[in-house]
Every structure is written in C-alpha cells, then in structure tokens.
Amino acid sequence: MADQRARRRGPGRVARPVGCAVSLCALLVPLAGCAPAQGLTEQYPGAQQMLDARADAVRRHDTTAFLASVDPRATGFRARQRDVFDHLATVPLADWRYDLVATGAFPLPVGGGKRLAVQVRLRYRLKGFDTAPVTGFQYLTLTERDGRWLVSSDSDGAADGRVGTRQLWDQGPVKVVRGRYGLVLGGAGDPARLRDLAKRVDAAVPAVSAAWKEKWARKVVVEAPDTVEQMAQLMGGDDPSAYSGIAAVTTGEAGAESAAPADRVIVNPDAYEELNDLGRTVVLTHETTHVATRALTTPATPLWLSEGFADWVAYREVRRRPASTAPELTRAVTAGHPPARLPSDADFGFRSGAERLATAYEGGWLACRMIADKWGEARLMAFYRDTGRRGLRTAASRPGTAPMEARTPAPSAAPGSAAPAVGGTPRTGRGTAVVERAMRTQLGVGMAEFTAMWRAYVRQELD
C-alpha cells in the first residue's frame with residue numbers, strides 16, 4: 001500500500017509520498033504461510049527438527065534451548081544470537097515458526113566440514129494484533145556437529161546478496177508501547193516518540209472508522225526504528241536515501257479478505273520528526289486508512305484512488321482551503337498549466353521527483369474530494385468497494401493467476417509518508433476496465449467524462 005516522495009512543507013502540510021502503488025516493485029516477501037518443502041524435510045529431517053526446536057525455544061522464552069541450536073564454535077555469531085533472543089523478551093509473540101525452504105541458497109567456500117546454505121522462512125504473529133503471520137526470510141549456514149545440524153552463520157550469503165529480512169529485534173533492544181487500538185514497537189532511542197505514536201493511532205482508528213464503514217480489525221501495529229538506515233532494513237533494502245523525506249510506509253498484502261495478513265506501519269524517525277502536529281496526525285490517519293481498506297484494495301485499484309482516498313480520510317475533518325492542502329497543483333493552475341489527466345500509477349513511483357509526486361497525491365485527493373462533494377461520501381465508499389471487489393473477482397477468474405493471498409505484498413504510504421505498491425503486480429488493461437465499470441455503476445459516468453469533470457473541479461477549487 002505505499003512508498004515514497006520528497007519533502008515540501010506548508011502549514012500543517014506534509015511532504016507528499018508515493019502511495020499504495022500497484023506499479024511499484026514489491027519490497028517485502030510474501031505474507032502467505034506456506035508449509036516447508038516436503039522433499040527437503042525428508043532429505044534433511046534433522047535440519048527441520050532443529051529449526052522446530054529453535055522456534056519452540058523462542059515461544060517458551062528458553063534461552064538455553066535457543067542457544068542449543070547455535071554452533072558453539074561460531075563464538076561471535078553465538079553472542080549476537082544471544083542478544084537477538086534477549087531483544088525479543090519484550091515482544092508480545094503469539095506464534096513463531098521456521099520452515100526450511102531451500103538448500104544451496106548461496107555459495108559456500110570449499111571445506112569446513114558438512115554444511116548447508118539454506119533459505120528459511122520465519123513466520124510470526126503478535127499477540128492480540130495479528131490474525132495471520134508476518135513472514136520474512138533468513139539465509140543461514142547450517143553446520144553438522146556430532147550428527148546434529150546447528151546454525152553457524154546468518155551472513156555468509158551477504159556477498160551474494162542473500163541478507164535476509166531484518167526485524168526490529170535484529171537491530172537492538174525493542175521498546176513496546178500499547179494503546180487502545182495500537183501497538184508501537186520501537187528502538188530505545190526516544191520513548192516519548194513511541195508514546196506519541198500510540199496516542200495518534202488511538203485517535204486515527206476512530207477517525208478512519210467514521211469514514212470507512214466496512215468491517216476491519218481496528219488494530220494497528222507501528223514499527224518505529226531509531227534511524228532511517230534501520231527503516232530501510234525493515235523495508236528489505238539497504239539504501240536509506242530512498243526513504244529521504246518519507247515519514248511512514250504501510251506494508252501489507254492487497255485483497256486478502258479471508259485471512260488478513262498482518263500490516264505494519266513503519267515510521268521514518270527523521271522525516272516524521274520534521275512534521276508539525278497536523279502533519280503527524282495526517283500521516284497516521286492516512287496510514288491507518290491503508291490498513292483499514294487493504295482487503296478491498298487490489299491491483300485493479302488505481303493509485304489515484306487508493307492514495308487519494310487515504311488522503312481524503314486524513315483531511316476529512318480538517319478545515320483548510322484546498323489551495324493550502326494542494327500547493328503544487330495550485331501553483332500549476334495559477335501559472336495556467338492545469339493537469340490534463342488524472343495521476344497515473346507511474347506518477348506515484350519511488351523516484352518520480354518531489355513535484356511530480358506531490359502533484360499526484362494532490363490530484364488523487366481532489367478526485368476523491370470531488371466524488372464526495374458531487375455524489376456524496378457514501379457513493380465514494382461504494383466506488384472504492386466496487387472497484388476492489390471487481391478486482392478480486394477478475395483475479396479469481398483468470399486462469400493461472402495466483403490468489404491474492406499468495407501474491408507478493410508491497411507497502412503503502414501517507415502524506416509525509418511513503419506509498420509502495422499494492423499487490424506487487426502492475427495494473428493491466430483489465431484493471432482499467434474494472435475501474436471504468438465500477439465508475440459507471442456507482443457514479444453514472446465513464447472515465448473520460450469523469451476526467452473532464454475533475455479538471456474543471458481542480459481549476460474551480462484552486463484558481
């Protein structure tokens with residue numbers, strides 16, 4: 001549901017990020033919880049048994065049993081593993097499991113005894129918040145000692161690009177702040193920031209529910225790392241500059257109605273800190289909207305609708321002139337260069353540039369605001385729902401198409417936040433047809449007429 005933009009300030013205005021972009025590359029591993037590969041568990045039963053015992057030790061908070069799965073000769077790695085286990089002590093886990101996915105996952109140097117380079121799937125759930133697991137991958141070296149497989153490294157694959165998914169507890173001690181609707185996990189750097197995030201989530205959930213009438217969990221998990229470098233690691237990347245100016249990103253998987261995957265709102269400490277009070281409220285409300293609407297946000301949902309709707313909810317109770325909320329479009333209109341078309345998915349791209357990205361968010365917001373003004377808020381919701389449901393039916397009816405639950409997720413963002421790709425699959429001509437049909441059914445106009453109305457509305461509101 002989201003990913004990136006550049007920074008521009010205004011009174012209460014947050015820099016516009018890229019949103020829940022279907023066109024953006026997926027940053028996270030799939031959330032679907034698959035079973036371990038049958039052939040591997042039969043070929044290396046001891047390896048999976050060791051992983052099962054290791055997971056059981058985490059669930060039982062048993063340090064001795066956990067370290068029993070670590071190679072005693074790998075002294076440095078063993079010390080780091082003890083630290084990671086200690087960092088997990090504050091995390092309210094409901095489940096934790098490892099699955100052996102592949103062997104030969106990266107090159108190992110010749111010699112050194114019997115070893116395996118494996119890819120392992122980690123699945124975990126947070127107590128009271130996750131109904132389905134968050135999934136990550138680890139690239140581990142297993143070494144056989146006295147007939148037992150033990151973990152001896154998690155960095156041997158780094159030179160080959162196999163670094164695995166980093167979690168907060170891999171980065172350092174984890175502080176936990178609970179709110180009525182939210183759970184905030186963060187580093188030890190600024191406890192006041194974590195409390196502020198929890199307070200804002202508690203305000204955002206009722207605000208989103210007042211606008212979005214569909215059933216949703218009304219629970220939000222926020223991860224607040226101490227540095228932007230750590231944020232990049234949580235997003236599966238190693239380039240902090242890619243998140244410059246992005247205040248928050250929401251991760252998840254689009255269109256999984258039956259077993260909702262766990263969403264995470266990941267906060268950039270640098271960009272978030274620069275926002276004013278209104279900006280922070282808008283960011284958390286925008287991101288919470290992505291969490292609420294995720295099940296009905298599909299690859300058929302255009303980004304102008306998903307990001308515009310999240311902005312519309314975030315600004316729904318904010319009494320400001322449209323020109324203050326959409327400064328980039330206002331400048332264009334004033335200069336005699338109003339937009340010729342609705343924002344495309346590409347306009348929300350990671351590296352589209354600050355002006356293009358801001359204009360895309362503002363255009364999407366004004367499109368949703370126009371629908372609410374001209375057809376009413378209920379019709380805006382109906383259009384969003386209809387587009388999502390048609391997208392789900394289209395995906396289910398296409399031969400060879402993976403179910404939505406199994407697709408690679410992508411993140412999503414808010415103003416002053418970032419917006420990644422929903423579903424990780426670009427929208428096709430079918431997706432455009434889905435939007436056209438939903439628009440004609442719910443609004444009584446086609447895309448061409450809607451676009452003309454939107455252009456006139458933009459000029460009317462911003463001129």
HN-Hα J in Hz across segment 354-361 - Karplus 6.51, -1.76, 1.60, θ = phi - 60°, x for Gly and Pro: 4, 5, 5, 5, 4, 5, 5, 4
Accessible-area order (highest first, 1.4 angstrom probe) of the listed residues R200, R115: R115, R200
Separation in nanometres of the label points that stand 7 Å from Cα toward Cβ, at A65 and A158: 3.1
Scattering curve values for segment 84-193, log₁₀ I(q)/I(0), Debye with Cα scatterers, q = 0.10 Å⁻¹: -0.38
Range of Cα positions in segment 203-337 per principal axis (Å), largest first: 47, 37, 30
A89/R180 FRET efficiency (R0 30 Å; Cβ-Cβ; nearest 0.05): 0.80
Solvent-accessible heavy-atom area per residue, rounded to whole Å², over segment 128-250 at 1.4 Å: 40
Heavy atoms of W216: accessible area, 1.4 Å probe, square angstrom to 10: 40
Segment 41-95: radius of gyration and largest Cα-Cα distance (Dmax), Å: 12.0, 36
Integer Hz, Karplus 6.51/-1.76/1.60 couplings in order for segment 310-325, x for Gly and Pro: 4, 5, 4, 5, 5, 9, 4, 9, 8, 8, 9, 5, x, 5, 6, 7
Amide proton proximity set for T298, modelled H, under 5 Å, gap of 5+: none
Bins of 10 Å, starting at 0 and running to the largest distance - Cα pair percent for segment 98-147: 24, 38, 23, 12, 3
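The values are calculated or read from the model by the stated rules, or taken from the named source; none is laboratory data. Given the structure is predicted, the values throughout are model-derived calculations rather than measurements. Reconstructed Cβ throughout: ideal geometry from the backbone, glycine too, with neighbour counts over all protein chains shown. Quick note on the areas: whole protein, heavy atoms, side chains included, nothing else; ligands and nucleic acids left out. Shrake-Rupley method; radii C 1.70, N 1.55, O 1.52, S 1.80 Å.
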